[in-house]
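Working notes, structure below.
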Amino acid sequence: MPGTCINPDCPVATTQKCLLSHVLTECPSYRANGAAVPPVAPVQPETAVPHKPANLELTALRSWGRIFHAGIELGTTDAAEILRTRYGHVIAVLGSTDAGKTCFLCSLYLMATNGDLPPGYVFAGSRSLQAFEDRARGLRKWKDGKLPEQMVDHTQLDDPRKPSLLHLCLRETGEERKRIDLLLTDLPGEWTDNLVKRASAAQSFTFMPRADGVVLVVDGKMLLADASRHTVTQEMSYFVDRLANVVKVNKEVPVVLLVSKADEIDSVIPAAAQDLAKESEGHGYRVTIISSAALSRSPEKVRNGTGVIEAIEAIIHNQPRAARELRIPSHISERSFRRFRG
Amino acid sequence: MLSKTLEFYRIADVSPSDETVRKRSSSAEILVGVFVKTKDQDVLLPCIQGVVAGFNEGHFKPDSPVLDAVFQPIHKLDMTVPSDLKENAVILRAVAAIAVGELLALPASAEAEVSDKAQLAATALVSSLSSRSPVAEIHLKSILDALLSASNAVLKAAGDERRRRNLDALEALTEIQTSEDEDADVWERVKAAVADAIREVHRNDEINREELETLWWLFARHSELEDKPLDQLSVGETALTAGIELAQRALLPPPKSSAGIIKRATEHGRKPEELGSVKLQELADSWTAGMSAGFSSPSPDALVAAYPVLFPVTATCLRVFKDGKAAKTMREIKELTALSATHALTPTQWGQQIFREKILQRVLADRRP
């Protein structure tokens, strides 16, 4: 009968083989599907060792030493390991295909690895270095002294129904030396396009209620071009509408409208971006427009990484709205003393 | 707030499974039972500190009994939860928040012990959270907002009930009718009804006295702690003394109008430039020995040592009063109270905060055996 194991490293769910070579029916960590969770009871010692701890098998597993993460993208279960330790900022990086989402992530990673983070921040670790490195690899393929037209590969997920998260930890260099754990989504543009087309695609966005912020990446070139700006604006308006009304993203969540490829449009903020921001504000969101050149094609004019940290800061330093004051209807008290408000 | 388990638990898990939500909900339910059965200082109050400032912020040693009290109900239902505080601090915070919320959500008609615990939790949360800046972490903020809102509702309902004048006992007394066949016990019934009526009169008198005492204090504008007219005190001293002295006069839980009375006492006759924002470390200069004496039984030192997060202003003022304002002291204060000494509010707002802290101290003193 298929089942699961309380040891997260045990492959029994897929292989039906116990990590500790137990017979499944006798393994204390194995749970047959549908079986009730047994009450906590001291594990019967296999040998005559007195005062053996209750969670014997977990203790034994831990004694093997630390288990290292492979550094690839994190699933939501892997992310929980980070979140249960410290508060983590989950940032949804969304946008259509080729808008510049992965470039945004690569830029952040390259700034961190190159020591180019703005003053006030230092790199403090990552559980997905390999995943970042895989994405940045394309940037190292130069042709005729120029960057390739397509800088990074299109995002493809191992499991096309589940989001992958990239982890990056920054530390503030101020007196508090506060750690900031960022969990950034890297989703294929098709997810955004699909949600625009049909509301049923919202089921892929089940992680969104936990998002601390949304970076909505829009292609600056397309927003500026006469041929495409109306289409892009309309599609993104539909997308924000879906986020608000179908995915039900909390209105407290800050939205950054990241106008990408600023290096190719002279860092102009297109008027269409302002329209889109107004549209989003109409749904109750607070929107910050940021012009970005994640990987600049003309770094002498527009610095690499422009707007990247600003977008992160707009989310992590978000000034939330004050809690609403408890409203006290005046008819509650008949006494002037209790109605006095100074 | 078992109904909000999913929302609260999201701080520890992006998309918790249904099974996880059920287990954490059950753990929180067990923890509510622990709150009710144990002494306040053992579990409930330290838990509230953990919810407000986090379980890994230097307020808890790894072997602290409260950590065990929160961890055990979770571990009992889910053995995969790590036991090391470095790996489970956010889980503990989320489950503790759910349990504290559930305690606040229990109906006021619950048994007296539960209702008292809920009022204590509400008073502690209001004292601890009301003067802090909203946290930037959105999901944490929504948890703290929900708890603060529930606390305000609990205190408002309890305050209204405490000040409800009634004549129920008197009416019951007048309705007693005698008949010849029950002469034997009529006097017993009359005696009981008279006793109830006298208690009712006394209770109504307490409500009137609270109003009179407060209004005369406001009219006299004289600080008993400093034995000076309020006009001769600095605006910071006035705010602090007003907060403490009015808290001494209020019935518990206090009325909402207390905030307005402190505002009137602090701002009356002051120039607008005196009423601008003041940093906590500057306000602490206005603290006096008389104010420390206003926090007696338990002593302010004991309070601050045990619950610095619940008494952030008292803790800061006492420490600055004793040790001055060296940078190291300021850092230690922030670690203890989770409130920066550079946090700025108007004198009136500081006065309202010290009022909330003094009220919490009175609630704790009332509950001591």
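The values are calculated or read from the model by the stated rules, or taken from the named source; none is laboratory data. These numbers were taken from a predicted model, which means no experiment stands behind them. No Cβ is skipped: glycine too gets one built from the backbone with ideal geometry, and neighbour counts run over all protein chains shown. For the accessible areas, the whole protein counts, side chains as well, though only heavy atoms, and no ligand, DNA or RNA atoms are used. Shrake-Rupley method; radii C 1.70, N 1.55, O 1.52, S 1.80 Å.
Share of chain B's accessible area from carbon and sulfur, percent, 1.4 Å?
Of the solvent-accessible surface of chain B, carbon and sulfur hold 53 percent.
May I ask you to work out the translational diffusion coefficient for the range B:164-220 at 20 °C, viscosity 1.002 mPa s, via Stokes-Einstein with Rh from the Kirkwood sum over Cα pairs, reported in whole µm²/s?
Once the numbers are plugged in, D ends up at 162 µm²/s.
Which shape class applies to the range B:221-366: rounded if a/c is under 1.5, otherwise prolate when a/b exceeds b/c and oblate if not, where a ≥ b ≥ c are the square roots of the Cα gyration tensor eigenvalues? Walk me through the intermediate numbers first.
Details: a/c = 1.62, a/b = 1.15, b/c = 1.41.
Because a/c hits 1.5 or more and a/b fails to exceed b/c, the range B:221-366 counts as oblate.
With springs connecting C-alpha atoms under 10 Å apart, model chain B as a Gaussian network and identify which of B:119, B:177, B:49 has the largest mean-square fluctuation.
Taking springs between Cα atoms under 10 Å, the residue moving most is B:177.
On the principal axes of its Cα set, how long, how wide and how thick is the protein assembly as shown? Give whole Å, largest value first.
107, 75, 54
Please state, to two decimals, what the Cα-based radius of gyration of chain B comes to when divided by 2.2 N^0.38 Å (N = residues).
In units of the globular-protein estimate, chain B measures up at 1.12.
Using the Karplus curve 6.51 cos²θ - 1.76 cosθ + 1.60 with θ = phi - 60°, work out ³J(HN,Hα) for each residue of the range B:142-154 in order, rounded to whole Hz, and write x for Gly and Pro.
Each residue of the range B:142-154 in turn: 5, 5, 5, 4, 5, 5, 5, 5, 5, 5, 4, 5, 4 Hz.
Scaled to the compact-protein estimate 2.2 N^0.38 Å, what is the alpha-carbon radius of gyration of the range B:88-224, rounded to two decimal places?
Expressed relative to 2.2 N^0.38 Å, the Cα Rg reads 1.57.
Using the per-residue mean of other Cβ atoms lying within 10 Å as a proxy for protection, in what order, highest first, do the peptides B:338-351, A:267-280, A:82-95, B:216-229 fall?
A:82-95, B:338-351, A:267-280, B:216-229
Taking the DSSP beta bridges in the protein assembly as shown as the whole, what percent of them are antiparallel, to the nearest 5?
50 percent
Which value, in square angstrom to the nearest 100, describes the accessible area buried between chains A and B on both sides, using a 1.4 angstrom probe? List each step's numbers first, then the result.
Details: alone 20070 and 18170 Å², together 34040 Å².
Protein heavy atoms only, the A-B interface buries about 4200 Å².
Which residues of the range B:99-143 end up with at least 30 Å² less accessible area in the presence of all protein chains than when their chain stands alone, using a 1.4 Å probe?
Residues of the range B:99-143 that lose at least 30 Å² of accessible area once the other chains are added: B:134, B:136, B:137, B:138, B:139, B:141.
Return the lysines within reach of residue A:221: Cα separation strictly under 25 angstrom, same-chain partners fewer than 8 residues apart disregarded; answer none if there are no such residues.
The qualifying lysines are A:101, A:141, A:143, A:146, A:197, A:261, A:278, A:301.
What do you get when you divide the Cα radius of gyration of the range B:2-162 by 2.2 N^0.38 Å, with N the number of residues?
0.97
Quick one: dipole size for the protein assembly as shown, taken about the Cα centre, charges +1 on Lys/Arg Cβ and -1 on Asp/Glu Cβ, in debye to the nearest 20.
Numbers: 86 positive and 94 negative charges, 295 e Å.
For this selection, approximately 1420 debye.
Are there cysteines in the protein assembly as shown with no other Cys C-beta under 4.7 Å, and if so, which?
Taking the Cβ cut-off of 4.7 Å, the unpaired cysteines of the protein assembly as shown are A:18, A:27, A:103, A:106, A:169, B:47, B:317.
For the range B:221-366, what does the accessible surface come to per residue with a 1.4 Å probe? Please give it in Å². Numbers along the way, then the final one.
Working: 5530 Å² over 146 residues.
Dividing the accessible area of the range B:221-366 by its residue count gives 38 Å².
Which listed residue (A:20, A:187, A:80) has the Cα farthest towards the positive end of the charge dipole for the protein assembly as shown, taking +1 on Lys and Arg C-beta and -1 on Asp and Glu C-beta about the Cα centre?
Final value for the positive-end residue is A:187.
Calculate, for the range B:164-220, the solvent-accessible area per residue in square angstrom, rolling a 1.4 angstrom probe over the heavy atoms of the protein chains.
For the range B:164-220, the solvent-accessible area averages 74 Å² per residue.
If packing is taken as the average count of other Cβ atoms within 10 Å, what order do B:21-33, B:315-327 fall into, highest mean first? It would help to have the intermediate numbers written out before the result.
Details: B:21-33: 20.1, B:315-327: 17.5.
Top to bottom by mean Cβ count within 10 Å: B:21-33, B:315-327.
Work out from phi, with θ = phi - 60° and the Karplus expression 6.51 cos²θ - 1.76 cosθ + 1.60, the ³J(HN,Hα) of each residue of the range A:104-120, listed in order in whole Hz, and give x for Gly and Pro.
So the J values, rounded to whole Hz, are 4, 5, 4, 4, 4, 5, 5, 5, 5, 6, 8, x, 9, 5, x, x, x.
Taking the mean number of other Cβ atoms within 10 Å as a proxy for protection, how do you rank A:288-300, B:75-87 from highest to lowest?
Output ranking for A:288-300, B:75-87: A:288-300, B:75-87.
With +1 on each Lys and Arg Cβ and -1 on each Asp and Glu Cβ, how big is the dipole of the range B:179-335 about its Cα centre, in debye rounded to the nearest 20?
For the range B:179-335, the charge dipole is close to 1340 debye.
Within a 10 angstrom radius of each residue's Cβ in A:206-212, how many Cβ atoms of other chains show up on average? Whole number is fine.
5
Shielding by partners for B:88-95, please: the mean number of other protein chain Cβ atoms within 10 Å of each residue's Cβ.
Details: counts 2, 4, 8, 4, 1, 2, 2, 0.
The per-residue average across the peptide is 3.
Under the rule of at least 5 residues apart or a separate chain, name every residue whose amide H is placed under 5 Å from the amide H of residue A:95.
Those qualifying (amide H under 5 Å, at least 5 residues apart or on another chain) are A:192, A:217.
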